[in-house]
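Structure first, commentary second.
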Amino acid sequence: MAGRPGYLTLPIFSALAAIGYVYYTAVFLAVPRWLGLATAAGVANAAAFTALAAACLATYAVAVRRDPGRVPPGFVPDVEDAESTVHEIKRKGGDLRYCQKCCHYKPPRAHHCRVCKRCVLKMDHHCIWINNCVGHENYKIFLVFVLYAVVASFYALILIIGSVLHSVPKDEQSGSDSSRSSIIICGVILSPLALALAVLLGWHIYLILQNKTTIEYHEGVRAMWLAEKGGDLYHHPYDLGVYENLISVLGSNIFCWLCPVSNTVGNGLRYRTSYDIPISTQPL
Ligand SMILES: [Zn+2]
Ligand SMILES: [Zn+2]
């Protein structure tokens with residue numbers, strides 16, 4: 001059934017097929033043609049690309065399988081939060097946010113996903129390519145997957161371009177012309193994909209630097225317009241400054257920021273805001 005996270009859907013099948021196709025072309029066509037699989041450089045490149053492809057597959061599987069974050073049964077927002085007017089952009093008239101469909105209160109930054117048919121903590125967006133929401137629990141692994149996918153795509157493009165421009169002497173090759181056109185076709189398909197992934201990565205880096213989700217970015221555009229109309233300045237409440245924003249999304253250990261481990265800060269039910277003082281003494 002579409003919308004049930006973790007189930008194999010056509011987009012997931014397509015993503016897996018694309019990874020397999022690019023891997024085959026890079027390691028079994030491009031590397032042998034350019035460097036040869038019997039040389040040290042050829043083996044090193046094949047091994048490095050294999051490791052990268054495995055990292056892509058592993059992080060992709062986690063992003064698909066991991067629950068993006070559920071609202072615990074019987075969740076009631078803190079009275080302190082309810083009294084605050086800064087925590088939620090969409091709160092109307094100071095009321096607590098309540099999901100009519102799920103019949104429970106919504107924690108700050110949680111949103112109801114129409115595809116998943118439930119509320120998701122710190123929901124970023126519903127991604128059809130993983131058939132899952134990207135939320136509090138799987139945002140980082142999603143981001144690391146996109147990063148690995150960008151690196152792998154450009155690495156594959158380098159191998160493809162190298163193998164088209166240079167090749168080992170003709171007598172050591174077999175079926176050189178057909179492999180050359182296969183490599184070129186893969187390069188033509190991969191180029192727009194690599195560009196799209198790089199744009200997606202850049203977009204999420206831009207969001208992380210401001211501690212915004214994709215939903216909050218769109219809400220923020222509207223809030224900024226409304227504030228300007230009223231003669232005010234709009235400030236995103238979760239923007240704690242670049243370094244604190246990076247920590248709250250990628251984890252407190254700077255050496256693990258790009259590692260495929262989930263070191264999510266907090267339980268997803270409460271988030272620090274720039275109105276909480278002092279920031280340095282707040283529990284994470
Ligand atoms: Zn809901
Ligand atoms: Zn969803």
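If you go through the range 94-116 and keep only what is in a loop (DSSP other than H, G, I, E, B), more than 16 Å from ligand 2 (Cβ to nearest atom) and either exposed (fewer than 15 other Cβ atoms within 10 Å of the Cβ) or among the β-branched types (Val, Ile, Thr) (or both), you end up with Gly94, Asp95, Leu96, Gln100, Cys103. In the range 82-90, the count of residues that are away from ligand 1 (no atom under 16 Å from the Cβ), surrounded by 16 or more Cβ atoms within 10 Å (Cβ to Cβ), modelled with pLDDT under 55 and not in a loop (DSSP other than H, G, I, E, B) is one or more. Which of the residues that make up the range 187-238 are at pLDDT 90 or above and of a type in the set (D, E, K, R)? Result: Lys212, Glu216. Residue check, Cys133 against (1) away from ligand 1 (no atom under 16 Å from the Cβ); (2) modelled with pLDDT of 95 or more; (3) not in a helix (DSSP H, G or I), all met but one. Which one? Among (1) away from ligand 1 (no atom under 16 Å from the Cβ); (2) modelled with pLDDT of 95 or more; (3) not in a helix (DSSP H, G or I), Cys133 violates only (1).
Looking at the range 239-274, which of the residues that are aromatic (Phe, Trp, Tyr) and exposed (fewer than 13 other Cβ atoms within 10 Å of the Cβ) is modelled with the highest pLDDT? Looking at the filtered set, the residue picked out is Tyr243.
Being of a type in the set (Gly, Ala, Ser), in contact (Cβ under 8 Å) with a residue 40 or more places away in the chain and farther than 30 Å from Ala46 by Cα narrows it down to one residue among Ala227, Ala198, Ala223, Ala194; which is it? Exactly one of Ala227, Ala198, Ala223, Ala194 is of a type in the set (Gly, Ala, Ser), in contact (Cβ under 8 Å) with a residue 40 or more places away in the chain and farther than 30 Å from Ala46 by Cα, namely Ala223. State yes or no: is Val71 at pLDDT 85 or above and in contact with a helix residue (DSSP H, G or I) (Cβ under 7 Å, 6 or more places away or on another chain)? Criteria not met by Val71.
The values are calculated or read from the model by the stated rules, or taken from the named source; none is laboratory data. What you see is a predicted model; the values in this text were computed from it and never measured. A quick note on method: Cβ atoms are made from the backbone with ideal geometry, for glycine too, and the neighbour counts reach across all protein chains shown.
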